[in-house]
1. Enumerate the calculated ³J(HN,Hα) couplings along the range 149-158 in order (Karplus 6.51 cos²θ - 1.76 cosθ + 1.60, θ = phi - 60°), each rounded to whole Hz, writing x wherever the residue is Gly or Pro.
2. Which ³J(HN,Hα) values in Hz, rounded to whole numbers, follow from the phi angles of the range 252-260 under the Karplus curve 6.51 cos²θ - 1.76 cosθ + 1.60, where θ = phi - 60° and Gly and Pro get x?
3. R294's amide H: which non-local residues (gap 5+, or another chain) put their own amide H closer than 5 Å, with H modeled 1.01 Å from N in plane and none for Pro or chain starts?
4. Specify whether the C-alpha gyration tensor of the range 35-155 places it in the rounded, prolate or oblate class, a ≥ b ≥ c being the square roots of the eigenvalues: rounded for a/c under 1.5, otherwise prolate if a/b is larger than b/c and oblate if not.
5. For the range 91-99, take each phi angle, set θ = phi - 60°, evaluate the Karplus expression 6.51 cos²θ - 1.76 cosθ + 1.60, and give the result in whole Hz per residue in order, putting x for glycine and proline.
6. Could you compute the FRET efficiency for R194 and D168, with r as their C-beta to C-beta distance and R0 at 30 Å, rounded to 0.05?
7. Order these by the 10 Å Cβ neighbour count, fewest first: S180, S135.
8. Once the Cβ-Cβ distance between T147 and R335 is put in as r, and R0 is 51 Å, what FRET efficiency do you end up with, to the nearest 0.05?
Amino acid sequence: MAALAWRVHDALMDDVLTGARDLLRSQHGVLTRAQALDAGLTDKAIEVKLRSGRWQRLHTGVYATFSGEPPRDSQLWAAVLRAGPGAVLSHQTAAALYGLTVPAYRFTAPEPMIHVTVPIDRRITRPSGVMVHYSERLHQTRHPVLTPPRTRIEDSVLDLIEICGSMDEAVSLILRASASRRTKPERILAAMQRRARMPRRAALLQALGAAEDGAQSLLEFRYISRVERPHGLPPPRRQNPVRRGGRSQYQDLSYDDHALVVELDGREAHPECFRWADIRRDNASAATGQVTLRYGWDDVTERPCQTALEIAATLREHGWTGTLRRCGSWCLVRRPTGQESRPQ
């Protein structure tokens with residue numbers, strides 16, 4: 001950032017560009033040809049700056065007013081300016097600006113492809129390193145104030161869902177966006193309702209319901225949809241904040257009335273530092289009289305009935321009087337002729 005500030009300052013030393021000072025700062029040192037002419041330069045002056053290397057051409061009619069490798073912010077501005085009036089950053093690019101991670105395979109080295117969306121009534125030649133999308137509702141999806149211009153976070157997520165390869169990826173996007181605190185499930189729902197066509201709509205509505213309940217990961221969503229609700233387990237407190245040893249921690253699922261904590265571990269690998277942190281957290285819970293059960297992906301997705309039986313048995317030991325339901329004809333839960341016992 002400091003290097004960029006120096007480069008922009010260096011460009012501003014040209015008295016001719018004094019009138020474009022604020023524009024240069026807001027656009028990270030990038031100008032269009034039209035903006036440079038409005039600032040007082042002539043066509044000849046622009047060409048001199050380009051030939052001398054003081055400026056560089058990023059796209060046709062779009063220039064960086066400094067030398068050296070353009071930083072990412074300048075590249076983003078250059079793509080939007082090249083796309084023309086009404087263009088916005090969108091899809092993976094907008095999501096990244098909001099701090100949402102998207103699958104690495106959608107990116108190209110050495111820098112991610114820049115995605116822009118333009119009004120559907122315009123057609124542009126695709127600039128190098130830029131993916132162009134077209135939309136007829138850009139006036140609804142454009143964020144009103146953020147720069148560089150971009151789609152709202154809700155529409156950025158929905159745009160990605162329309163092109164993502166799996167339901168798990170779509171659900172994860174919904175949950176990550178909600179957990180980021182930059183949006184809320186009801187805002188994503190409102191944006192979805194403005195779209196006449198939305199793939200996977202029914203499943204996305206379930207994901208939004210889980211996000212509203214506090215689920216923040218795909219594994220938590222699978223717990224709700226495969227373990228908790230189909231078997232009639234009581235709803236826990238999700239992401240329950242606790243203070244232990246002067247540190248703030250979060251319990252994935254806390255059954256407060258029954259002294260039970262359920263931790264869901266979705267990591268493929270479990271580094272040693274995380275393992276010992278989990279042990280210390282479990283020990284701290286045990287010291288307050290809470291039992292901790294810990295489950296991974298296979299426990300929730302491949303053995304949901306077994307997991308429900310174990311949780312129900314533990315809850316009963318701590319006073320739960322509810323009845324576990326069968327989730328289907330294949331369910332391991334016995335028919336309601338008596339209480340289920342803890343599986344061996």
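Each value in this text was obtained by applying a stated rule to the coordinates, not by laboratory testing. Keep in mind that this is a model prediction, so the values were computed, not measured. Note that we place each Cβ from the backbone using ideal geometry, even for glycine, and neighbour counts take in every protein chain shown.
1. After applying 6.51 cos²θ - 1.76 cosθ + 1.60, I find x, 8, 6, 4, 4, 4, 6, 4, 5, 5 Hz.
2. 3J(HN,Hα) across the range 252-260, in whole Hz: 4, 9, 10, 9, 4, 6, 10, 6, 10.
3. E263
4. Here the range 35-155 falls in the prolate category.
5. My calculation for the range 91-99 gives 6, 4, 5, 5, 4, 5, 5, 7, x Hz in order.
6. 0.75
7. S180, S135
8. 0.25
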